[in-house]
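Only one structure is covered here, and it is reproduced in the block below.
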Amino acid sequence: MIKKPITILFFVLLYSLSFSQEKPNEKTVLQELSENACKCADSIALANRKKEDIIKDVHACIDKYTGALQISTLLKGAEKQSENAPEVNGKKQVNLTFDTSKNSKQYKDSYNELERYLMQNCESVKRATTTIETDYDKFSKNNTAIDFYKKATEAGKREDWKEAIQNYEQAVKIDPKFIYAWDNLGITYRRIGEYDKALNAYKQSLAVDPKGKMPLQNIAIAYIYKKEYQKAIDAYNDFDKVYPNDPEVYYGIGQIYFAHLKKNEKGLDYICKAYRIYTEQKSPYRSDAEAVIGSIYKGMKEEGKMDKFKEILKNNNIQFD
């Protein structure tokens, strides 16, 4: 069944009484709805689940409150529309259209506004979008190796990186096929600036599981820290061979061109590709790509390249407002 827009008829006087008396310290509608969506995200189960299922649950929490924000946004614009509106019984009458379609610009704008606010202010959403999938095939079956792994993760929570490294190294010494221990050893080495050792740990992980998503992605990041940008791009391309059209590939390469190589046009093209895939996946990471596009926009505007900016967005089927 196709959902049709709903026309709302109301008098501006009622709007003025109900919505215009905001006090300086009152929460905005966006804040209130975001708090409710954040509470919804608190209940999302993270353990032993696929990342795509977790993201679907985040989307459901945002979607739940999008309609209310749509209506609020419509009402806020009512007074402006009333300037040329006809009067009925001495009151100006305004017709507002509430579009219930989730493909409408009205819905998408409200959804994106909520999502953007949550990604900046809601710890539950941040945690849900950054959680790592658990695959017990990547754990060791050796209890001693697992004990060292647990000690390492506890040390990591305390930011005692030296102790964490010692315990991860003991874990992989006991079980050289302990994938998660290699992955976390790589991350910990990266935290202390030991990028070559981090790369070695990631490669050891891939030797056990050539399709390991985490090390494939983090090899590229390690090369970025080493300022070896072409190697980072090559690493992202290797990642793409195993996981075609993963938005992290486009986002990562786009960031390299934009932030490090100062090539705005190439960076924009890649970030646009990431943005479209994030949007199709209903991933909150869309807001990160959006922010980068905004930064590139400022740079290209200063360079007098707005025509090129619009052309790149058009080529990626992204509407420029």
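Since every read-out is calculated from the coordinates, none of them should be taken as a lab result. These numbers come from a predicted model, not from an experiment. Cβ coordinates were reconstructed from backbone atoms using ideal geometry, including for glycine residues, and neighbour counts include every protein chain displayed.
How would you order 255-266, 31-42 from highest to lowest mean count of nearby Cβ atoms within 10 Å? All intermediate terms of the calculation are to be shown ahead of the outcome.
Numbers: 255-266: 16.8, 31-42: 18.4.
So the peptides 255-266, 31-42, ranked by packing, come out 31-42, 255-266.
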Practice problem: Apply the Karplus parameterisation 6.51 cos²θ - 1.76 cosθ + 1.60, with θ equal to phi minus 60°, to every residue of region 190-202 and state each ³J(HN,Hα) to the nearest whole Hz, in sequence, with x for glycine and proline. | Solution: 5, 4, 9, x, 8, 5, 5, 5, 5, 4, 4, 5, 4
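Could you rank the peptides 202-211, 269-278 by their average count of other C-beta atoms within 10 Å per residue, with the highest value first?
Result, highest mean Cβ count within 10 Å first: 269-278, 202-211.
If we sort 108-114, 160-166, 183-189 on the protection proxy, mean other Cβ atoms within 10 Å, highest first, what's the order? Before the final figure, lay out the partial values.
Details: 108-114: 19.0, 160-166: 16.7, 183-189: 24.6.
Highest mean packing first, the order is 183-189, 108-114, 160-166.
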Exercise. Jot down the per residue volume, in cubic angstrom and as a whole number, of the convex hull over the alpha-carbon atoms of region 136-315.
Key: 125
Quiz item: Quick one: length gained pulling LYS50 to GLU265 fully straight, 0.36 nm per residue minus the C-alpha distance?
Solution: 73.9 nm
Exercise. Would you grab the residues whose amide H sits under 5 Å from the one on PHE98? Only those 5+ places off in sequence or on another chain, please, with H modelled 1.01 Å from N.
Key: ILE6, THR7, ILE8
Quiz item: Modelled label-to-label distance, LYS105 and ASN36, 7 Å Cα→beta-carbon offset: nm?
Solution: 2.7
Quiz item: Mind checking which lysines have their C-alpha under 17 Å from LYS173, skipping anything on the same chain fewer than 8 residues away?
Solution: LYS138, LYS141, LYS150, LYS151, LYS162, LYS197, LYS203
Exercise. Please give every one of the lysines within straight-line cross-link reach of LYS314, meaning a C-alpha to C-alpha distance under 18 Å, and leave out same-chain neighbours fewer than 8 residues apart.
Key: LYS105, LYS266, LYS273, LYS298, LYS301, LYS305
